[in-house]
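Here the structure is laid out as structure tokens; the discussion comes afterwards.
The values are calculated or read from the model by the stated rules, or taken from the named source; none is laboratory data. Given the structure is predicted, the values throughout are model-derived calculations rather than measurements. A quick note on method: Cβ atoms are made from the backbone with ideal geometry, for glycine too, and the neighbour counts reach across all protein chains shown.
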Amino acid sequence: MVPAAAISAEVMASSMLELLDTAVLVLSPEGQVETLNDAAERALGFSRERAVGQRVDALAALPEALRDAVERTRADQRRRHLGECTLAGGRYDCNIQALSSGEVLVELFDLQWEQQRQQLQQREVQTGLLDLLRRNLGHELRNPLGGIRGAAQMMAEELGDAELGTLARLIMREVDRIEELIRRFSQPRLNRRRVDIHRVLDEAIELMLADASGGPEVLRDFDPSIPGVPGDATALRQVLINLLLNAAQAEARTVRLCTRIEHGTALLQPGHATLVRIDVEDDGQGVPESLRAMLFLPLVSGRRGGTGLGLALAQQIAAAHGGLLAYEPLEQGSRFTLRLPVLDGTGAGHE
């Protein structure tokens, strides 16, 4: 009979493993998987029921370099480290060490966490720059613009349909356009409701195809099990339209939209267990390398005639929803990823 204290210690150790964001596998001295936590299931892409009892050298989900490192640690009891192993759940740094019991401990550290933390820090800088621009634009530009428009209006009324009157009305229209750009810098006021993200995506696709004269072919890869997102449908639609139009303007032939549920990310806030991940991938010209680090900063644009506001405002809307917009270059084209908190099991979002 196993002592109750031993059972309690085993249960406690198992519970603590499940609380870790680090993926953990414990292998027997013979090289079989004894246990793994939830994070390891996500990293490997299959359940513990499939993994437990299997020899590590038979786990195809582990790259050959990692399997070899585990076998060498079993043989010589030396600690090893492998950087940037690609698994089903993403890219991981791997630590392998032998325990005094003869078992082998494998720890997988998700590199996505560090990348997302850096992206969050960048988002804070971008938001600060937007706030600074908003204050300066409102104070420094609105007064002189009002004077210019007033003078142009007086000229237009005086000159009527003459050529100079037409030019005066052109000045008024351009001033109005600048006023609209300034207005768009205002902090988004969200009308939060339960949003069906797939309906918003479909509406954005329709608007993009209408605006882009046919536009690229759109491939949908949607997860129908995704629950509602607490947010403003109009604001989220604007973000997605911006990404789709950017793809069309980059001369993409194909745009792929993919939605998935994502667990265990650096973005999760208290009260949220999961995120919805929306990937917008295109095979267009891509973003010049010189602009990638500044892509979400205001007034940065790689397109002739672009205002440099679209992606900055899209990031601001994502942040207002508790989410993040990220960019990744592809071998051909670009991938923009929008992550948003989903509703909890009660059907209510958290502010």
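Given the residues 225, 213, which is the only one that is in the same structural domain as residue 283 (by TED's automatic domain parsing) and at pLDDT below 85?
213 is the lone residue from the list that is in the same structural domain as residue 283 (by TED's automatic domain parsing) and at pLDDT below 85.
Which of the strands (runs of 3 or more DSSP E) contained wholly in the stretch 1-111 include at least 1 residues that are among the polar types (S, T, N, Q) and modelled with pLDDT of 75 or more?
Of the strands (runs of 3 or more DSSP E) lying wholly inside the stretch 1-111, those with at least 1 residues that are among the polar types (S, T, N, Q) and modelled with pLDDT of 75 or more span 33-36, 80-87, 90-98.
So which residues in the stretch 58-102 are exposed (fewer than 15 other Cβ atoms within 10 Å of the Cβ) and at positive phi, if there are any at all?
Answer for the stretch 58-102, where residues must be exposed (fewer than 15 other Cβ atoms within 10 Å of the Cβ) and at positive phi: 77, 84, 102.
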